Structures are given as C-alpha cells and as structure tokens.
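Participant: Sharing a structure, written as structure tokens. Questions coming.
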Amino acid sequence: MAELRVPKLNANDAEYLVVEWLVPDGAEVAAGDAVVLVETSKAAEELPAGASGVLRQAVPPGVWCRPDDVLAAITGPSAPGDTPSTASRTAEPGAPDGGPLLTAPARAFMDEHGIGLEQVRALGLEVVRRADLERLVGAGQDLSRVQRAVARAVELSHRTIPAAYLVVRMDLTRALAYAAAATKHVRRPVGLAEVFVHLVAGLHADFPLFFARLEGTRALLPAAPDIGVTVDVGEGLFVPVVHDAARRSVKDIATTLMKHRMSAATGEFREADLAGANFVVTLHTDGGVVMAIPFVFPGTACALAVTAPYDGVHADIGLAYDHRLINGRDAARFMSALKTAAERLDWGPV
C-alpha cells in the first residue's frame, strides 16, 4: 500500500486547503495522475498519485491539512486493460456517457447555472472542474480560486503585519531611456517592472533587512534577493518570483517575466514559480494612477509600488514595509538609495 501525503509546497504556509478530489473514491489511478487539488496562499497545486492502484480518500474536500498529512491510500495494482480515465468515468456519477469526467463542484455549478452537457463537451477537456465552468459562463457571484487566495493573503497581512508607507518622487528619465536601450539590445520587452527588479536586487547587499522574514523575534536574512512581481491579466492576481535576481542579467529578468506573464494568462504556474519571494514589486502602471498603497505580503517585509510617470518623467514610487522589522529612517535611506540608482542609471553591458 502506498500513501499520498501532503508535500511542503512553500515556505510561507503551515497548512493548505483540500479544494477537490479530481478522481472519485475507489477510482483506479496510475502513478503520476493528478488526483487532488490543494490550495496554498499563492496557488492551487494538483498533487499526483505516487503509485498505481485503487485510490481511497482519507480526507474530504474543504479540510485544512499540514505537510506530511495523509490524504489517501493507494492499494493494489490497476486492473489489466483498464485505464484510470475509463475507470474514473465509470465510477463518477453524473459523468456524461463518453464525455469528460466532472468533479463534484463542477456538477453542482452546472445545476446551479443551467449548463448543458453539450456546452461541457465543447470545452474539449478530459476533466472539467468548477473553475472551467466559471470561465465558461463568466460568473461573477463567487470569487475565483486565485482571488480567494489573494483575499486570504490580504486578510492575513492586515491582521498580522503593522505596515507603514513611504512615498518618494523620482525622475525616471534615465530609467526609461535605459529600458528602451535594453529592449533593443536584448530583444525582449524591458519596462519599469524589469528595471525596478534590477534596481531593487542591487540594494540587497546594503539593505538585507528589507528582504528578511520575521520568525518570532528573529529576522531571517536571505542569501539572495528573490523578487516577486505582481501580474494581473484578468485571470486573477499572481505574484511569480524572479529568483536570485542580483545574479541575473536584465535579459534574463526580462525573459523570466515574459514567461510569467504568459503563465498568468493561462493560470498554468508551477508552485516553484510562485514560491519564495522575499521582496515584492507591485505594478500600478495604468494611466492616471499616481499613487498606490500595496499590502505587505505574508512572509516578506516590503512591497514596492511602481507607478507610471504622471507627466512622462516623474513618478511617485512607494514602499510599504513591516514596521516590526524596519523603521521610518531606514525606509527613507532605502528609498533614497533606490532613487539615486534610478536617476543615475545608464546603459551598459547587461
């Protein structure tokens, strides 16, 4: 007998939510099949079966679990000539004959919104989940899975982190010229997001506390800056991470962020893409936005708010910071150093 246990999915969460089982209790599964959806504060992760056989669920959906908890047992080999998808369809009540497998939340959503089987088949999916049907009908009554994760992070931040805020006006003439030159040179889109990831990473050695994580009464200092960047393309807010950003070239940063934006459009992030940020750059570059106050993401000390220049040149760049770790004087020093770096930025080898 094999056991499906909860892995450690990221460093910031001590527990995760079992959202839904992707196969019914008693279904035949093959090693590597995605069998259960678990949600962290950053993403939803499909956990695979570690062995082939009959899956017996140990916990129902809606239960909070911790790393190493047992989610299911897998006993016995799969029957010869029977595939997991066929067995799952047979065992799953309500699945259309010859159609896709429907999760229980998806069936309930179909009944609630009057969605027909032909509409479901037209999706062309092997497994249909509630989120697939939410996108189908554009339902706005319920928060999406991603937005629910954001809501939990915001609630936790406001409940546990005494944040302060500081805004500095910066002349971005040189930063914008740098971005334009870099775009031509590296043949990747380089904008303020890439520039500020590059600039913030360069301050890690002088301001390590701004990248620290508070654990009890100790500040844990990271060896490298792992910078999260907010991405929202209409499918929800994601915060993918540029890991070890100080060692990356501008081209590498631009390539990484381009991949993250593509993943955000499909919602197909790996957990590793979303885990481990120790500083967050939040983007508020829509026209007309002159100031934004981000929340400090749990597990980090700071969130930098980047806005577009309101007159083509000047922008008000803000820093939200955990006041337990960082005092106002040090925040002012950090922002002064960032302003100097931005206003002296000059194109060179990247």
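Participant: Residue pairs, Cβ under 9 Å, 6 or more apart or interchain, first in the range 239-263 and free of Cβ contacts under 8 Å to residues at least 24 places away in the same chain and at positive phi, second assigned to a helix (DSSP H, G or I) and among the aliphatic types (A, V, I, L, M). List them.
Facilitator: Here the result reads 244/201, each pair linking the range 239-263 to a residue that is assigned to a helix (DSSP H, G or I) and among the aliphatic types (A, V, I, L, M).
Participant: Which residues, taken from the range 182-199, are in a loop (DSSP other than H, G, I, E, B) and either among the β-branched types (Val, Ile, Thr) or touching a strand residue (DSSP E or B) at 6+ places or on another chain (Cβ under 7 Å) (or both)? Step through it out loud before you land on a result.
Facilitator: Step one: filter the range 182-199 for residues in a loop (DSSP other than H, G, I, E, B), giving 187-191.
Scanning the range 182-199 gives a single hit, 190.
Participant: Let me ask another. Condition (residue is at pLDDT 75 or above, under 26 Å from the mean Cα position of the chain (by Cα) and assigned to a helix (DSSP H, G or I)) applied to the range 170-180: is it met by at least one residue?
Facilitator: There is at least one residue in the range 170-180 that is at pLDDT 75 or above, under 26 Å from the mean Cα position of the chain (by Cα) and assigned to a helix (DSSP H, G or I).
Participant: Restricting the search to the range 175-191, which residues are crowded, with 16+ Cβ neighbours inside 10 Å and in contact with a helix residue (DSSP H, G or I) (Cβ under 7 Å, 6 or more places away or on another chain)?
Facilitator: 175, 178, 179, 182, 186, 188, 190, 191
Participant: Only one of 164, 201, 149 is in contact (Cβ under 8 Å) with a residue 60 or more places away in the chain and crowded, with 18+ Cβ neighbours inside 10 Å. Can you tell me which?
Facilitator: It is 149.
Participant: Okay, moving on. Which residues, taken from the range 26-76, are under 20 Å from the mean Cα position of the chain (by Cα), not charged (D, E, K, R) and not in a loop (DSSP other than H, G, I, E, B)?
Facilitator: 34, 36, 37, 38, 44, 47, 48, 64, 65 - these are the residues of the range 26-76 that are under 20 Å from the mean Cα position of the chain (by Cα), not charged (D, E, K, R) and not in a loop (DSSP other than H, G, I, E, B).
Participant: Looking at the range 97-112, which of the residues that are more than 15 Å from residue 24 (Cα to Cα), modelled with pLDDT under 70 and not charged (D, E, K, R) is surrounded by the most Cβ atoms within 10 Å (Cβ to Cβ)?
Facilitator: 99
Participant: Select from the range 113-141 the residues that are at pLDDT below 75, loosely packed, with under 14 Cβ neighbours inside 10 Å and closer than 21 Å to residue 24 by Cα and list them in ascending order.
Facilitator: Within the range 113-141, just 126 meets the criteria.
Participant: Quick one: residue 253 ticks every box in (1) farther than 19 Å from residue 297 by Cβ; (2) in contact with a Pro (Cβ under 7 Å, 6 or more places away or on another chain) bar one, so which box is it?
Facilitator: Unmet for residue 253, out of (1) farther than 19 Å from residue 297 by Cβ; (2) in contact with a Pro (Cβ under 7 Å, 6 or more places away or on another chain): (2).
Participant: If you don't mind, another one. Within the range 319-327, can one find any residue that is part of a helix (DSSP H, G or I) and either charged (D, E, K, R) or more than 21 Å from residue 159 (Cα to Cα) (or both)?
Facilitator: Taking the range 319-327 as the starting set, the residues that turn out to be part of a helix (DSSP H, G or I) are none.
So far as the range 319-327 goes, no, none of its residues is part of a helix (DSSP H, G or I) and either charged (D, E, K, R) or more than 21 Å from residue 159 (Cα to Cα) (or both).
Participant: What's the number of the only condition in (1) basic (Lys, Arg); (2) closer than 30 Å to residue 46 by Cβ; (3) more than 14 Å from the chain's Cα centre (by Cα) that residue 324 fails to meet?
Facilitator: (2)
The values are calculated or read from the model by the stated rules, or taken from the named source; none is laboratory data. Every value quoted in this text rests on a predicted model; they were computed, and no experiment measured them. Neighbour counts are summed over all protein chains in view; Cβ atoms, including those assigned to glycine, are modelled from backbone coordinates with ideal geometry.
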